[in-house]
Amino acid sequence: MQAVILAAGGSSRFWPLNRKHKSLVKIMGKPLIWYTLESLRKAGIKDLIIIQGPKRDIEKELVLYQLFGGLKIKYLCQKQPKGMGNALWQARNLISGPFFVLNAERVDGGEIVKKLKSTSKKFNIQTVLAGQKTDQPELYGIMKLKGSKIVDIVEKPKRGKTLSNIKVVGVYLLSQDFFIVYQKVKKNIYDFEDALSLYAKRNNIRVIVIEKIAPPLKYPWHLFQIERCIFDKFLNKKFNNTAKISKKATIEGKVYIGKRVKIFEGAAIKGPCYIGSDCIIGTNSLIRGYTNLEENTLVGGGAEIKNSIFQEDCHIHSGFFGDSIFSRGCKVGAGTVTANARIDRGEIKIKNKKQKITTGLKSLGVIVGENVTIGINTSLMPGILIGSDCIIGPHSLVMENVADNQIFYSQFRKNVKKRK
C-alpha cells in the first residue's frame, strides 16, 4: 500500500519557527519527518509520495539522513499553498489503489496506520479515518457518527452546534474514487474537508477512535509534547567514547551524549536529556528535564536549562532558560532570564495577529526564530515570540512579540550631567 505525506504548507501558524517546513525541526539529531517515515516503514508502508513546497526543503534535508528498509520515495511539488485537497490532487496519477494520507510531522503515523488497516479488514471497506475525543470541538473537524460509521464531517462547528466530541485526527485511509468526489466540490482552502464530508454521505466510512496519540503540530509550543513522545520512545542512555566528561560533573537518568561533547567540572545533567555532537556544557551549569540540545550548542558556566529545545549552533551563557525553544544560530548574552510562569500561575496565552491563543500551558517561556542575538541581562516574559534575524538590546524587558528583522531596545532616558 502507498502513503501520501503532506509537507507543502507554509506553516504560518508555526511562526517564528517557520523558515523551513515545521516537519524539519530537529529532535535528537533528526527532523520530525524522519520519525514519520521510520514509523511507516515499521508498519510495512514503503511506497511513499511526499508533497513538498516550491523550496523543496524536505527533499534537500532528507538526503542528509539514512532511511532504512528500502523505502521508495517520490517527491512532488505543490507550487502554491492551496490547501490539503490541492496538495493531494498532485499525487492522483501515482496512486494505484487504497492509500494513506498523513502530515509529515505525524511521528506516530505508522502506529495509527496499523489500526486503520485492521479496521479496513474488519469491515471490508477501503475508507477509514482516525478520530480522537476532544473537549474543544469548535477547533477541529468533527464527525457525526452512527455507531462507528461516519455520516457527516463539519469543519470547526460553532459552539453548541457540534455533531459529536470526536475530532478528525489527520490520518486517513482513502479509496481512489475519493478523487471523483473531490472534482465535484467547489475549490477552496478547505475543499478536502468538503469532499470528505460529501464522500461520507455517499459511502460507507468508518472511524477508529484512538485514545493515546501524539498531538498535532499546529503551533510551535506543541513541540514540547512531540519531543516527549520521541524521547520516551527513542532516547537511550549513551555516552559517545569521544566525549570528554569531567570527573566532577554529575549525570543522572537517561542522558544521550554525542560525539566530541565537552562537559566541564560542576556541571549537572538530569535526564531525560539529549546532548548532540560538539556541544559544550560549561562549569556549574544545570540541564534538566526533557531538554534537547542539537549539535554545536554552547551552554555557558552557571546557566540553567529546563525542559527546552535548542536547534543547531546556539550559544547561551549564564541565566535561566525554562520551557523555551530557540531555533538555530541564536546567541544569548549572560544574565538573560526567560520567565516561564505568570505571577498568578494562570494559563499562558499567546498574542498572534491581534488575537489571543490559548496554549493550555501554565509553564511556557520564550520561542525564538533563527539567528537572533540577545544582549546581556535581558528579561523575556512568558509566552513571548521573537522572529528571526532580530537583535534584542542589553537590559531589555521584552513583554510583547517581536516581528522578524527587528532591532528591539527597551526605552532608555539619557541623563548626562557634567561634573562640577
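What to note about this one:
- Ordered by 1.4 Å accessible area with all protein chains kept, His317, His21 run largest first as His317, His21.
- Antiparallel DSSP beta bridges within the chain, as percent of all bridges there, nearest 5: 25
- Average projected area [Cα convex hull, the stretch 133-188], square nanometres: 4.8
- Looking at the stretch 2-73, the DSSP beta bridges with both ends there are about 20 percent antiparallel.
- Computed 3J(HN,Hα) for the stretch 362-368, one whole-Hz value per residue from the Karplus formula 6.51 cos²θ - 1.76 cosθ + 1.60 where θ = phi - 60°, is 9, 10, 7, x, 10, 10, 10, glycine and proline marked x.
- Stokes-Einstein D (µm²/s) once Rh is taken as the Kirkwood radius of the stretch 89-171 over alpha-carbon pairs, at 10 °C in 1.306 mPa s: 112
- By accessible area with a 1.4 Å probe, ligands and nucleic acids excluded, highest first: order of Arg228, Arg345, Arg206: Arg345, Arg228, Arg206
- Taking 20 Å as the limit for the C-alpha separation, the pairs Lys218/Lys356; Lys42/Lys79; Lys238/Lys262; Lys55/Lys82 exceed it in the case of Lys42/Lys79.
- Taking the alpha carbon gyration tensor of the stretch 298-420, multiplying each eigenvalue by 5 and rooting it gives semi-axes of 24, 18, 15 Å, largest first.
- Built amide H within the under 5 Å cut-off of Leu361, gap 5+: Ile348
- Top positive-direction residue, dipole computed over the chain with Cβ charges, set Ile208, Val332, Phe99: Ile208
- Over all distinct Cα-Cα pairs of the stretch 245-290, the Kirkwood formula returns a hydrodynamic radius of 10.2 Å.
- Pair-distance profile P(r), taking every C-alpha pair of the stretch 32-162, with 5 angstrom steps and integer %: 2, 8, 16, 19, 20, 17, 11, 6, 2, 0
- Environment charge of Asp278, counting only residues whose C-beta is closer than 15 Å and scoring Lys/Arg +1, Asp/Glu -1: +2
- Each part reduced to its alpha carbon centroid, the stretch 1-55 and the stretch 324-400 end up 26 Å apart.
- Per residue value of the accessible surface for the chain (all protein chains in place, 1.4 Å probe), Å²: 48
- Based on the Kirkwood approach, the hydrodynamic radius assigned to the stretch 32-106 is 13.1 Å, with every pair of different Cα atoms included.
- Residue ranking by accessible heavy-atom surface, 1.4 Å probe, largest first, among Lys115, Lys247 comes out as Lys247, Lys115.
- With every protein chain in place, the stretch 290-420: carbon and sulfur % of accessible area (1.4 Å): 50
- For the chain, the Kirkwood estimate of the hydrodynamic radius, built from every pair of different alpha carbons, is 23.0 Å.
The values are calculated or read from the model by the stated rules, or taken from the named source; none is laboratory data. Every value quoted in this text rests on a predicted model; they were computed, and no experiment measured them. Every residue, glycine among them, receives a Cβ derived from its backbone with ideal geometry; neighbour counts consider all protein chains shown. SASA here: full protein model, heavy atoms, side chains in, ligands and nucleic acids out. Shrake-Rupley method; radii C 1.70, N 1.55, O 1.52, S 1.80 Å.
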